[in-house]
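These notes are about the structure you will find just below.
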Amino acid sequence: MSEPLQIGNPLPEMEAETADGRRTTVRAHLGPKQTLLYFLHGTWCPECIGHFHLLQRYLPRIKDERAELVAVTGEGSDTLSAFLQSTQPALEYTVLADPKHTASHVIKAGGDTMAIIVDNRGVVRWFERWPVHQDEPGYGVILQALHDVRDVEAPD
């Protein structure tokens, strides 16, 4: 079976929901330069909750690399909304719900955590998956990938 994500290929179409239950696509939330998509299990997972907060902490450095951040979680929009309302400090990046796991299925994430860097044209520039939380690298690896991808992008 081939990998659904290939460097240099377009990001597959993926449906999701906003925290208020509106249907959307992941592509609709891509930034003007590049976007870091981070797929997490849910708001019930202690490691994932930690990642939501770490992503918030690293958000200034992600933005320094001219990137936007979008997290996708396997929760329903009602559960996601309650989580976002209770999170202190508030998360300053987009979090989408994937309650039927359709987005995760399209990229064959399964139960893995995934980070994907997509350019402003929706082309996959880098990705990594981690079957277990203990295998996840530090954020330095992701920040370096954002920097490397930014440096090889063609000018607008």
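Quick notes
- Counting every other Cβ atom within 10 Å of each residue's Cβ, Thr113, Thr35, Thr18, Thr102 order from fewest to most as Thr102, Thr18, Thr113, Thr35.
- Potential lengthening of the chain between His101 and Asp64 amounts to 10.2 nm, from the contour at 0.36 nm per residue minus the alpha-carbon distance.
- Of Val106, Val118, Val26, the one that fluctuates the most in a GNM where the chain has Cα springs shorter than 10 Å: Val106
- Neighbour-count ranking [beta-carbon atoms within 10 angstrom, fewest first] of Val141, Val70, Val123: Val141, Val123, Val70
- Across the options Gly138, Leu59, His105, the greatest Cα extent toward the positive end of the charge dipole of the chain (unit charges at beta carbon of Lys, Arg, Asp, Glu) belongs to Leu59.
- Under conditions of 4 °C and 1.567 mPa s, the range 1-75 yields 94 µm² s⁻¹ as its translational diffusion coefficient, taking Rh as the Kirkwood radius over Cα pairs in the Stokes-Einstein equation.
- Over the chain, equivalent-ellipsoid semi-axes from the Cα gyration tensor in Å: 22, 18, 16
- Inter-centroid distance (Cα atoms) of the range 13-70 relative to the range 97-134, Å: 11 Å
Values quoted throughout were computed directly from the atomic coordinates according to the rules given, and no laboratory measurement underlies them. Model, not experiment: these values are computed from the prediction. Don't worry about glycine lacking a Cβ; one is built from the backbone with ideal geometry, like all the others, and counts go over all protein chains shown.
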